[in-house]
Amino acid sequence: MSRKKLTILLGTIAYIFFILGCILAYAVQYITQVIQVESFSQFLYTMQVGMGGASNTIVQILQGFLLNYALWIVLGTLLYGFLLHSQLSRKNRTHTRKKWMASNAIKAINCGSLLCMTGCVGLMISQLQKGYEALKIDQYIEEQNKFSTLYENHYVKPEADLIQVPAKKKNIICIYLESMEATFSDREHGGGFDADLIPNLTRIAKENTDFSAQGDICLNGGQVTSQTSWTVAGLCAQTSGTPLGISNSQYNHTFSESMLFLPKVVSLGDILEQEGYTNYFMCGSEASYAGRANYFRQHGNYEIYDVQTARDEGDIPENYDEWWGFEDEKLIRFAKEKITKLAAHDEPFNFTMLTADTHFKDGYLCKNCPDDFDEQYENVIRCSDKRIAEFVEWIQQQDFYDDTVIMISGDHLSMDSLINQSVGIDFPRRTYFTVINGAPYTLDRTRDYCTLDIFPTTLEAMGFTIQGHKLGLGTSLYADVPTLCEEFGFDDLNTQIAYRSKRFEDEILKNDGYTPEEEDDGFLPFFFNRDDSSSSSSHQTPRLPVFEEE
């Protein structure tokens with residue numbers, strides 16, 4: 001190989017390593033400083049389903065990369081361009097002195113390329129190590145090599161003799177708030193901020209039911225376990241009591257419309273559909289993102305309204321694209337219209353909606369957002385607090401309200417790095433959760449629970465009776481029965497959920513990711529008992545030693 005070709009080759013390799021080093025450095029910076037990734041399972045899930053529908057996040061990532069590394073990329077590209085130009089335009093030297101000087105220059109360039117390569121390799125190795133630690137990959141590997149009997153001993157699948165339907169069926173409006181935490185309240189109310197970012201939601205929770213003791217002014221929220229810490233996983237947890245584990249080797253979703261999503265799981269939508277409810281899901285983004293549309297269509301036959309529906313129906317222009325699709329101001333306006341139509345029918349309804357303005361990074365600052373705080377994210381949270389409070393007030397003024405339960409819940413903890421920076425990494429963060437106009441909470445104590453407990457709690461808030469008060473891994477907070485958090489402690493429970501489970505993989509996760517043609521057996525029919533009385537028979541789930549490893 002000629003010197004010229006060798007110089008160009010070394011320079012090109014050095015340039016490629018330089019670009020890769022910059023990309024890797026920003027990737028690590030993003031997952032350690034910009035967002036908070038709770039687990040490697042969350043990262044794997046996102047990588048498997050792809051980023052379709054998350055164009056806003058992609059734009060933010062690209063903007064952040066350019067902001068931090070554009071100057072370095074430009075300088076590196078100029079140097080590489082100068083190297084190519086100098087070598088491609090270089091002529092063979094006949095003069096001895098000039099030839100000697102050119103030879104030394106080439107040696108210097110080659111040495112510089114080698115030093116650049118060495119430095120970039122060292123940078124990449126150090127960044128890979130940081131990323132390995134930040135994503136908790138070693139912890140994930142350890143978890144995948146251990147088995148728990150948690151599901152064998154404590155997972156309760158809805159059966160015919162477990163659920164009794166009330167004589168008077170209530171409507172349910174489920175408002176899932178993106179990244180909404182009880183943490184956003186002030187310290188007086190158990191939050192982590194000097195000023196209450198959610199004064200209205202704090203008031204609503206304390207005026208209604210947040211499952212805390214009488215006189216306890218602190219907000220009580222749900223803890224978030226492994227495999228429930230991102231949106232679709234949080235929705236699965238809160239509507240089926242089931243974590244979204246991905247330890248099954250067949251779990252590799254691309255989420256075509258025909259792909260099955262947890263086909264063996266029985267959810268809130270499944271139960272309500274069988275009881276004649278109209279199920280409806282509304283969001284301002286693409287519902288198909290991360291499999292949300294699959295989940296709601298296959299579990300309750302929800303009618304779905306998302307950004308594409310809004311375009312198709314002329315509610316927004318065809319080319320409208322704001323934040324994740326359309327902003328929460330429009331979402332709530334459209335929700336009012338749809339709820340009014342649903343309430344005009346005789347059938348009970350389940351209206352479920354998911355907001356997006358409070359999504360990381362920094363949230364969506366609309367024209368009506370206040371400017372009370374230095375950080376944009378804090379202003380966005382305060383704006384969402386006001387908007388949701390006004391929406392709840394509107395619901396309460398409607399004729400159908402007396403027959404309607406409202407459930408407000410944060411889907412998971414916020415991934416915006418501002419939170420840990422503001423309250424500290426050791427602060428006991430919890431999601432926001434409250435029930436309005438539901439069954440009365442008669443236990444005078446503050447419950448310790450996780451978001452998996454919201455599934456049976458929602459049903460009992462609506463007047464359903466659950467024998468044993470447990471469904472999935474959740475326990476109704478209305479019942480004088482300990483949640484798994486109360487029974488074993490959150491840390492131990494969280495560890496066991498992260499471990500693999502033979503029952504979870506062989507039974508609960510069975511056929512997940514398949515198409516209907518591939519499914520080897522169909523759904524079992526579910527029939528629930530109707531009971532006009534409010535009493536329930538005693539039922540105890542068999543208890544075995546829970547924390548058993550293989």
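We did not get these values from a lab; they are worked out from the coordinates using the rules stated. Source: prediction; values computed, not measured. Neighbour counts are summed over all protein chains in view; Cβ atoms, including those assigned to glycine, are modelled from backbone coordinates with ideal geometry.
A few points about this structure:
- Net charge of neighbours whose Cβ lies under 9 Å from the Cβ of H299, counting Lys and Arg as +1 and Asp and Glu as -1: -1
- Estimated distance in nm for a label pair at D492 and D372, the labels positioned 7 Å out from Cα along Cα-to-Cβ: 4.2
- For region 352-489, Kirkwood radius (reciprocal of mean inverse C-alpha pair distance, Å): 17.1
- Within the chain, the cysteines lacking any other cysteine Cβ closer than 4.7 Å to their own Cβ are C22, C111, C116, C120, C174, C218, C236, C283, C366, C450, C485.
- Computed extension gain for T446 through I217, at 0.36 nm per residue and net of the alpha carbon distance, reaches 81.4 nm.
- Counted by neighbouring Cβ atoms within 10 Å, the residues H359, H412 run from fewest to most as H359, H412.
- Applying the criteria of a DSSP loop state and at most 15 other Cβ atoms within 10 Å to the chymotrypsin sites (Phe, Trp or Tyr not before Pro) of region 288-376 yields Y320, F373.
- Electrostatic dipole magnitude of the chain [Cβ: Lys, Arg +1; Asp, Glu -1; Cα centre; debye, to 20]: 4200
- Summing charges over neighbours of T355, with a neighbour being any other residue whose Cβ is under 10 Å away from its Cβ, gives -4 when K and R count +1 and D and E count -1.
- Extended-chain gain in nm, criterion 0.36 nm per residue less alpha-carbon gap, I23 and D399: 129.8 nm
- When the pairs K146/K470; K169/K336; K336/K367; K130/K330 are compared against a 32 Å limit on Cα-Cα distance, K130/K330 fall above it.
- Trypsin sites (Lys or Arg not before Pro) restricted to region 393-464 and DSSP loop, no more than 13 other C-beta within 10 Å: R445
- Relative pair counts by distance (%), Cα atoms of region 296-396, 5 Å bins: 2, 11, 19, 20, 20, 15, 8, 3, 1, 0
- By the beta-carbon count within 10 Å of each Cβ, the least crowded to most crowded order of D402, D448, D362, D512, fewest first, is D402, D362, D448, D512.
- Local electrostatic count, G222, Cβ distance below 13 Å [Lys/Arg +1, Asp/Glu -1]: -3
- Simple label model, 7 Å out from Cα along Cβ direction - E390 to E318, nm: 3.2
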